[in-house]
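Worksheet for the structure shown next.
The values are calculated or read from the model by the stated rules, or taken from the named source; none is laboratory data. Predicted, not measured: the structure shown is a model, and the values here were computed from it. Cβ atoms come from the backbone with ideal geometry, glycine included; neighbour counts cover every protein chain shown. These accessible areas exclude ligands, DNA and RNA; they are computed on the full protein's heavy atoms, side chains included. Shrake-Rupley method; radii C 1.70, N 1.55, O 1.52, S 1.80 Å.
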Amino acid sequence: MTDPLPFSQACENNQAPILAVLRAAFADRRHVLEVGSGTGQHGVYFAPRLPQLVWQTSDLAENHAGIRAWHAAHPAPNLRAPLLLDLASGDWPDGAFDAVFSANTAHIVAWPLVRQLFALAGAHLPTDGVLALYGPFNY
């Protein structure tokens, strides 16, 4: 018997409305880095619905097995295996990303890591790059 896929209800919530925003925000994008891919649910949902994009997942190493399991269960030709990304390290993955997406992370990680995400995205995205964040924000 195989282990069940890791599951996050937060990843399932609001996928269609998020997709509607991403379709517009990423209409002219080609390579998106998903920061904090978690279980992998967002990648397997968005990648096949945004076929013009290469959807690159990333997260801490301990989440990679779950992300790969979701990819195996729901493959898409434009969905890439997770890269190691630890905001605390300050290292940015190799790739010519013109967009960054992160969901349900900025309200969970410590504020210095949110600032680090903004700094890294600002330093590595092209001038016309797009950063799209989703989550429950108070301000």
Any residue on another chain or 5+ positions along whose placed amide H is under 5 Å from the amide H of Arg30 is listed here as Asp98
Take the chain, connect every pair of alpha-carbon atoms lying under 10 Å apart with a spring to form a Gaussian network, then pick out the residue of Ala73, Ala47, Ala25 with the largest mean-square fluctuation.
Ala73
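Taking 4 °C and 1.567 mPa s as the conditions, I'd like the Stokes-Einstein D for the range 62-139 in µm²/s, using the Kirkwood hydrodynamic radius from alpha carbon pairs. Walk me through the numbers before you get to the answer.
Values: Rh = 14.1 Å.
For these conditions, the coefficient is 92 µm²/s.
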Which one, Phe7, Ile18, Leu60, projects farthest toward the positive side of the charge dipole computed for the chain from Cβ point charges (K/R +1, D/E -1)?
Ile18
Please calculate how many Å² of accessible area the chain carries per residue, with a 1.4 Å probe and no DNA, RNA or ligand atoms counted.
53 Å²
Rounded percent of accessible protein surface that carbon and sulfur make up, the chain, 1.4 Å probe:
58 percent
GNM on the chain, Cα springs under 10 Å; top mean-square fluctuation among Gly129, Gly36, Gly90 goes to Gly90
Largest first and in whole Å, what are the equivalent-ellipsoid semi-axes of the range 1-102 based on the Cα gyration tensor, each being the root of 5 times an eigenvalue?
20, 18, 12
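Scanning the chain for helices, which whole DSSP H stretches are 18 Å or more long along the axis (Cα) and average 0.0 or more by Kyte-Doolittle?
Taking the DSSP H segments of the chain (at least 18 Å long, mean hydropathy at least 0.0), we get 111-124.
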Dipole of the range 13-124 [Lys/Arg +1, Asp/Glu -1 at C-beta], most positive-end residue of Thr39, Leu50, Phe101
Leu50
Dipole magnitude (debye, nearest 20) for the range 43-132, charges at Cβ of Lys, Arg, Asp, Glu
240 debye
Taking the Cα centre of the range 1-86 as the origin, how large is its charge dipole in debye, to the nearest 20, when only Lys and Arg (+1) and Asp and Glu (-1) carry charge on their Cβ atoms?
380 debye
Measuring from label point to label point, each 7 Å out along Cα→Cβ, what is the Glu12 to Asn138 span in nm?
2.9 nm
